[in-house]
Amino acid sequence: MRLRRMTAVWAAKLAEKISVHIFHRQGVTWAGKIALRLDPSILRTLASQVKKDIFIVCGTNGKTTTNNMLCAALEAEGYRVVCNHTGSNMLNGVAAAFALAAGLGGNLKADYACIEIDEASTRRVFPHFKPDYMVLTNLFRDQLDRYGEIDITMNILKKVMQSAPKMKVIVNGDDALSAFLAMDSGNPYVTYGIGQKVMDDSQSHEIREGRFCKKCGALLQYHFYHYSQLGDYVCTGCDFRRPPLDFDAENVEVGDTLAFTVGEEKILANYKGFYNVYNILAAYAAIRTGGIRPDHFNQMLQNFHPENGRMEEFQIEGTRVVLNLAKNPAGFNQNISAVMQDPSEKDIIIVINDNAQDGIDVSWLWDVDFDRFKEDNIHSITVSGIRCQDMRLRMKYVNISSLLEADIETAIRSRIKDGCGNLYVLVNYTALFGTRNILKRLEENG
Amino acid sequence: MGDTQKKIVIGHLYPDLLNLYGDRGNIACMMERCRWRGIEAETIEFNTGDEIDFSGLDIVLLGGGSDREQAIVCKNLQKIQKDFKEYVEDGGVVIAVCGGYQLLGNYYKTEDGVIEGLHLVDIYTEQGEGRLIDNIVLQSGLTSMPVVGFENHGGRTFIGENQPFGKVLYGYGNDGESGYEGVVYKNVIGTYLHGPLLPKNPEVCDWLLKRALERKYGSAELAPLDDQEEKEANAYIYHRFVKE
């Protein structure tokens, strides 16, 4: 059925082009839908053409960054890689990644595939192919109205892991929920994590998931937390504890840049945000577990500019603008830490939407520690997006006054005009693409 | 203000297990609306297994948790049932949200079995087909503004002859059919509304504070606050979901 597959590949490529060039939207989901409609077996066939291994990345936060970094690391070693770069991670997005990477003859020339998959969508993707490796980054509360409780997500992941019993799981051992899942699944696994305490997080008000052992129900005791529930835990009722770390980040330095060692390897990156230690470490652990020597890993990190709204920088009329995605309490709290690591004066715009893909329930805003914005170096805070009213109220109850401007472009233009030249724009999911387009346009026209 | 410094003590029950839907917002709202009026406010967190002295509490908050966590809480609750019941009958103020609301009643029947309730209010809950998830708007006898929030519950709660918290203008409510939401019994409010409930509904917050102050000090006049931002956030939800 090669003809059918070729037609599907052509149609997907056309759909993507039309979408991007005519409608200025990401056309990936649409392209994947068309490809699967024209050839329901396209994903199965193209995935089977990957010469070496298929990596998938799952977990609440860090999927896109980890996956793109893993792809870049493999490319840096000279391999050809299929990757869903844009973060379209449901079945259609995954199908599109393969279809768009295929040649016009309908065949794929790739050594590896790096595919991030939305946890709930794994059920729909796994029937098409069985990955060789799964990176599991973490499990936090996210969009309770869409996914329900974390227990439901864990049940889904356990089932798909068991449907691919040879798939090796590369798991964040600092997360009791993810680690338990890897152990409980019966799949082979390796662990990564940050063995020693880096900074004190014991006073944080953060919500910590899974305080009770998934194995026996007793309380988990923590020697320390890195953030949220990530840390060094031991069960008070059974033998469950943080597993030994196969890839342990030591000598962690967090500042304007990140540095740490894994065994003999010293890793340096030009990023901010402690959470990026986990993303880099996950990509490193994955490539090593895949049996590849990452000789050019640091070089890759130096050149890694994902340009997808993750700490992405723009220069607009003399203002440095940093765009970052923040879509759930754990992610937002880490975002705030990263912003506050910048000691200079700054303006902040927070954009909150409540479209279906964001989760229509915005109560999670109250689980974020916004009181940490109460510092002298905050020049102004502006709230924007569909639920800016809720966000303004959230700030009021930590006694921080904010400017309300529902329209994102107006908010950005105003702060560029009257701000201090250092602007952070924190957005949730559906605001990301639109905000990024606005910033790109302003940068180009500036 | 009276001669003595007034103080409200809030007991937050089992935040280690019941913390699903921004309950911190309800606590922050009560605390700040006391402080802004010069009333001292303190919150004491009681985790599972802690001893609770209800005589030292003016407001009790029981939040929402997952079904599994609720079953763990339920075991602990039976130990404090008698004291909690006395507190309620004595006019003690309670705000119970989502899972906490279900636990106020006689039982919550799920497909995995029956979770024994606190028997504080004569209501009961049964798990229904599918979850009721949406924004929600009520008209309540306790407030002049509409009450707005978000609901996400699998249980259907039946309140019998008890007074509901409000009439549903948009959304599902207690059971998706009766047209009513929540329950009010003495100084207890039970409701599925989170979002969280109190910040966008400052009148509900003040109702709780007033009742608590009256019970403790005999009388209470709450100084008015500038609620412009609260009113605008409330009005946004009302206009978006309820047609004029």
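The residue among A:316, B:228, A:224 whose Cα reaches farthest toward the positive pole of the charge dipole of the protein assembly as shown, with charges on the beta-carbon of Lys, Arg, Asp and Glu, is A:316. On the beta carbon distance between residue B:55 and residue B:228, with R0 = 35 Å, the FRET formula returns roughly 0.40.
Arrange the following residues from fewest to most other Cβ atoms within 10 Å of their Cβ: B:30, B:145. Each step should come with its number before you reach the end.
On the way: B:30 27, B:145 18.
Least crowded to most crowded, the residues run B:145, B:30.
Along region A:391-405 the Karplus relation, 6.51 cos²θ - 1.76 cosθ + 1.60 evaluated at θ = phi - 60°, assigns HN-Hα couplings of 5, 4, 5, 4, 5, 4, 7, 10, 6, 10, 8, 9, 8, 9, 8 Hz to successive residues, with x for each Gly and Pro.
Near the amide H of residue A:191, within less than 5 Å, lie the amide hydrogens of A:171, A:246, A:247, all on another chain or at least 5 residues away, with H placed in the peptide plane. Here the gap between residue A:166 and residue A:79, fully extended at 0.36 nm per residue and compared with their Cα-Cα distance, gives a gain of 29.0 nm.
About the centre of its Cα atoms, region B:7-241 shows a dipole size close to 240 debye [charges on the beta carbon of Lys, Arg (+1) and Asp, Glu (-1) only; nearest 20 debye].
Among A:60, A:29, A:261, sorting on how many other beta-carbon atoms sit within 10 Å of each Cβ, with the fewest leading, yields A:261, A:29, A:60. Simple rule: put +1 on each Lys or Arg Cβ and -1 on each Asp or Glu Cβ in chain A, find the dipole, and look at A:260, A:35, A:79; the Cα lying farthest toward the positive end is A:35. Beta bridges from DSSP with both residues in the protein assembly as shown: antiparallel share about 45 percent, rounded to the nearest 5. List the chymotrypsin sites (Phe, Trp or Tyr not before Pro) in region B:1-75 that DSSP assigns to loop (not H, G, I, E or B) and whose Cβ has at most 15 other Cβ atoms within 10 Å. Which are they? Filter output for region B:1-75: B:36. Spatially, region B:25-54 and region A:250-302 are offset by 43 Å when compared through their Cα centroids. Applying 1/(1 + (r/R0)^6) with R0 = 22 Å to the Cβ-Cβ distance of residue A:443 and residue A:256 gives a FRET efficiency near 0.50. Note on region A:310-445: Rg/Rh from C-alpha atoms, Kirkwood Rh, equals 0.92. Rounded if a/c is under 1.5, else prolate if a/b beats b/c, else oblate: with a ≥ b ≥ c from the C-alpha gyration tensor eigenvalues square-rooted, which is region A:82-161? Since a/c reaches 1.5 and a/b is larger than b/c, the shape of region A:82-161 is classed as prolate. Close amide H pairs (under 5 Å, H built 1.01 Å from N) link residue A:379 with A:346, A:347, residues at least 5 positions away or on another chain. By the Kirkwood approach, averaging reciprocal distances over each pair of separate Cα atoms, region B:1-129 gets a hydrodynamic radius of 15.3 Å. Computed from backbone phi, the HN-Hα couplings of region A:67-75 come to 5, 5, 5, 4, 4, 4, 5, 5, 5 Hz, rounded to whole numbers (Karplus: 6.51 cos²θ - 1.76 cosθ + 1.60, θ = phi - 60°; Gly and Pro given as x). In region A:331-398 the Cα-Cα distances spread across 5 Å bins starting at 0 as 4, 15, 28, 27, 16, 7, 3, 0 percent of all pairs. Shape annotation for region B:70-123: C-alpha extents along the principal axes are 35, 20, 16 Å, from largest to smallest. On a per residue basis, the convex hull of the C-alpha atoms belonging to the protein assembly as shown measures out at 165 Å³.
Exposure proxy for A:88, B:144, A:337: other Cβ atoms within 10 Å of each Cβ, ordered fewest to most, give B:144, A:337, A:88.
Computed FRET efficiency, Cβ-Cβ of residue B:36 and residue B:81, R0 41 Å: what is it to the nearest 0.05? The value I calculate is 0.70. For a paramagnetic label modelled on residue B:7 (point 7 Å from Cα along Cα→Cβ), amide N atoms under 11 Å away are absent within region B:195-223. The stretch between residue B:215 and residue B:240, if pulled fully straight at 0.36 nm per residue, gains 5.2 nm over its current Cα-Cα span. For q = 0.14, 0.15, 0.29 Å⁻¹, what log10 I(q)/I(0) does region A:248-291 give under the Debye formula with an equal point scatterer on each alpha carbon and no solvent? Ignoring solvent entirely, the Cα scatterers give -0.28, -0.32, -1.07. A simple charge model with +1 on the Cβ of Lys and Arg, -1 on the Cβ of Asp and Glu and nothing else charged puts the dipole of region A:172-277 at about 380 debye relative to its Cα centre. In this structure the amide hydrogen of residue B:107, modeled in the peptide plane, comes within under 5 Å of the amide hydrogens of B:117, B:125, none closer than 5 places in sequence on its chain. Let me make sure I get this right: for region B:7-241, a, b and c are the square roots of the gyration tensor eigenvalues over alpha carbons, sorted descending. Under 1.5 in a/c it's rounded, otherwise prolate if a/b > b/c, else oblate. Which is it? Because a/c hits 1.5 or more and a/b fails to exceed b/c, region B:7-241 counts as oblate. For region B:50-187, the alpha carbon positions stretch 40, 38, 24 Å along the principal axes, listed from largest to smallest.
Distance between the C-alpha centers of region A:383-406 and region B:129-168? Whole Å please. Each part reduced to its Cα centre gives a spacing of 26 Å.
Building the convex hull from the alpha-carbon atoms of region A:88-215 and averaging its projection over directions returns 9.8 nm².
Rounded to the nearest whole Hz, the Karplus-based 3J(HN,Hα) values (6.51 cos²θ - 1.76 cosθ + 1.60, θ = phi - 60°) of region B:231-236 follow the sequence 5, 5, 5, 5, 5, 4, with x at glycine and proline. One Cα centroid belongs to region A:80-149, the other to region A:1-50; the line between them spans 14 Å. What is the dipole size for region A:1-65, taken about its Cα centre, with +1 at each Lys and Arg Cβ and -1 at each Asp and Glu Cβ, in debye to the nearest 20? Taking the Cα centre of region A:1-65 as origin, the dipole is about 160 debye.
The numbers here are math on the coordinates, done by the rules we state, and not lab data. This structure is a prediction, so every number in the text was calculated from the model and none was measured. Neighbour counts run over all protein chains shown; Cβ positions are idealised from the backbone, glycine included.
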